1. Looking for whichever is closer than 15 Å to Val97 by Cβ, over 19 Å from the mean Cα position of the chain (by Cα) and surrounded by 12 or more Cβ atoms within 10 Å (Cβ to Cβ) here; the options are Val158, Val167. Which one fits?
2. Identify, from the list Asp37, Asp58, the residue that is touching a residue at least 12 places away in the same chain (Cβ under 8 Å) and of a type in the set (Asp, Glu).
3. Of the conditions (1) assigned to a helix (DSSP H, G or I); (2) without any contact (Cβ under 8 Å) to a residue 24 or more places away in the chain; (3) farther than 30 Å from Asp154 by Cβ, Asn66 fails just one. Which one is it?
4. Test of understanding: among Met67, Met38, which residue is open to solvent by 30 Å² or more (accessible area, probe 1.4 Å) and either at pLDDT 85 or above or aromatic (Phe, Trp, Tyr) (or both)?
5. Given the conditions (1) at pLDDT 90 or above; (2) under 14 Å from Phe85 (Cα atoms), report the number of the one that Thr137 does not fulfil.
6. For Leu24, work out the one condition from (1) surrounded by 12 or more Cβ atoms within 10 Å (Cβ to Cβ); (2) among the hydrophobic types (A, V, I, L, M, F, W, C); (3) over 14 Å from the mean Cα position of the chain (by Cα); (4) part of a helix (DSSP H, G or I) it doesn't fulfil.
7. Select from the stretch 176-190 the residues that are open to solvent by 70 Å² or more (accessible area, probe 1.4 Å) and closer than 11 Å to Gly123 by Cβ and list them in ascending order.
8. In the stretch 77-93, what residues are closer than 15 Å to Arg21 by Cα and open to solvent by 40 Å² or more (accessible area, probe 1.4 Å)?
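The values are calculated or read from the model by the stated rules, or taken from the named source; none is laboratory data. Just so it is clear, the structure is predicted and the values come from calculations on it, not from any experiment. With ideal geometry, Cβ positions are generated from the backbone for all residues, glycine too; neighbour counts draw on all protein chains shown. Just the protein is used for accessible areas: all its heavy atoms, side chains included, with ligands, DNA and RNA removed. Shrake-Rupley method; radii C 1.70, N 1.55, O 1.52, S 1.80 Å.
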Amino acid sequence: MIIKDWKKDILTIPNLLSLFRLVLIPVYIVIYLNAQDMTDYYIAGGILAVSCLTDAIDGKIARHFNMISTLGKILDPLADKVTQFTLIVCLAVRYPVLWLLVGLFFVKESFQLIAGFLTLRRGKMLTGALLAGKISTAVLFVSLILMVLLPNLDPKVVQIITVIDCVVVIISFIGYARTYYTHSPMIQELEEHKDNQ
């Protein structure tokens, strides 16, 4: 069994923060898509700032207070990816050039989801995010939040940002593909799986 006591795991502070980030997503969607003035865009940006803040501290809390769990290792990146995807799609409604990034992001995350699921079925799991993945996440969040806060960006600037974002997503995709298909030491057996052997 991958998660022995999911009820106990989900009630940890880090996992509750990840769930909170997921709850913020529909709130952001409503505010951003219905924004009529700069105040609305600033509120949307504020929601993203809160999301980023909780993302930054949940991992620190988990490590400091020994609250690391298998569920947390799934829930935290899930909240990240759903938030990023939501950001890109909402912005693509305003800037159609971003639909290219939407497609690339969807393909990359679909691959990681399938590869991760197949790895879990073998009783193993990727133990952490790759450096390329962390850089990609940081670049995406910074650039996308910038576009939220500056809703009247020049189309050429948006195109440049889109190209940069696409490049970091592709590099991250290649990194994860290599990790899953080359028996990387970052993919290790789960303790639960070891206990059941």
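1. On the way: Val167 fails: over 19 Å from the mean Cα position of the chain (by Cα).
None of the others qualify; the one that does is Val158.
2. Details: Asp37 fails: touching a residue at least 12 places away in the same chain (Cβ under 8 Å).
Answer to the selection: Asp58.
3. With respect to (1) assigned to a helix (DSSP H, G or I); (2) without any contact (Cβ under 8 Å) to a residue 24 or more places away in the chain; (3) farther than 30 Å from Asp154 by Cβ, Asn66 is out only on (1).
4. Details: Met67 fails: either at pLDDT 85 or above or aromatic (Phe, Trp, Tyr) (or both).
Step by step, each of Met67, Met38 is checked, and only Met38 is open to solvent by 30 Å² or more (accessible area, probe 1.4 Å) and either at pLDDT 85 or above or aromatic (Phe, Trp, Tyr) (or both).
5. (1)
6. So the condition that Leu24 fails would be (3).
7. In the first step, residues of the stretch 176-190 are kept if they are open to solvent by 70 Å² or more (accessible area, probe 1.4 Å); the result is 178, 181-183, 185, 188-189.
Gln188, Glu189 - these are the residues of the stretch 176-190 that are open to solvent by 70 Å² or more (accessible area, probe 1.4 Å) and closer than 11 Å to Gly123 by Cβ.
8. As a first pass, look at the stretch 77-93 and keep what is closer than 15 Å to Arg21 by Cα: 77-87.
Selection gives Pro77, Leu78, Lys81, Val82, Phe85.
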